[in-house]
Amino acid sequence: HWLATYFVIWYGVPYMTYDIFAMYLSHYYRYHVKGHEDYKQHSLRTVNSFVRREFLLVLHHIALLTILLPITLVWRGRDAGALR
């Protein structure tokens, strides 16, 4: 159904992107509140620390965005064409 394709594009992609950003903010403020010196302001160092500590979660979200969601859209297009 065409709605499933739009659901992946208009809900799946923004949600995964937002979720990565929300996880970073959670990480940042957790260490900011604890008083870590590196967490006085956002920087590449804080992003790098987040990616290192939460590598599998970040990898999971990036893999969904760059590999699995496009595959889903391509397969949906093939299935729809085969049914016509």
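The values are calculated or read from the model by the stated rules, or taken from the named source; none is laboratory data. What you see is a predicted model; the values in this text were computed from it and never measured. Using ideal geometry, Cβ is built from the backbone for each residue, glycine included, and neighbour counts are taken over all protein chains shown. Ligands, DNA and RNA are excluded from the accessible area calculation, which covers all protein heavy atoms including side chains. Shrake-Rupley method; radii C 1.70, N 1.55, O 1.52, S 1.80 Å.
For every residue, the table says whether it meets (1) open to solvent by less than 40 Å² (accessible area, probe 1.4 Å); (2) touching a residue at least 24 places away in the same chain (Cβ under 8 Å); (3) touching a Lys or Arg at 6+ places or on another chain (Cβ under 8 Å); (4) not in a helix (DSSP H, G or I).
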position: Tyr6; (1), (2), (3), (4): no, no, no, no
position: Trp10; (1), (2), (3), (4): no, no, no, no
position: Val13; (1), (2), (3), (4): no, yes, no, no
position: Tyr18; (1), (2), (3), (4): no, no, no, no
position: Tyr24; (1), (2), (3), (4): yes, yes, no, no
position: Asp38; (1), (2), (3), (4): no, no, yes, no
position: His42; (1), (2), (3), (4): no, no, no, yes
position: Val47; (1), (2), (3), (4): no, no, no, no
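Considering each of Arg78, Arg52 in turn, give the residue that is at pLDDT 95 or above and either within 30 Å of Trp2 (Cα to Cα) or part of a helix (DSSP H, G or I) (or both).
Arg52
Taking the condition of being of a type in the set (Val, Ile, Thr) and open to solvent by less than 50 Å² (accessible area, probe 1.4 Å), how many residues in the range 52-65 meet it?
Residues flagged as of a type in the set (Val, Ile, Thr) and open to solvent by less than 50 Å² (accessible area, probe 1.4 Å) within the range 52-65 amount to 1.
Filter the range 26-36 for residues that are surrounded by 11 or more Cβ atoms within 10 Å (Cβ to Cβ) and among the small types (Gly, Ala, Ser) and give the result.
Ser26
Is it the case, given these coordinates, that Leu68 is at pLDDT 85 or above, open to solvent by 80 Å² or more (accessible area, probe 1.4 Å) and out of contact with any helix residue (DSSP H, G or I) (no Cβ under 6 Å at 6 or more places or on another chain)?
Judged against the criteria, Leu68 is a match.
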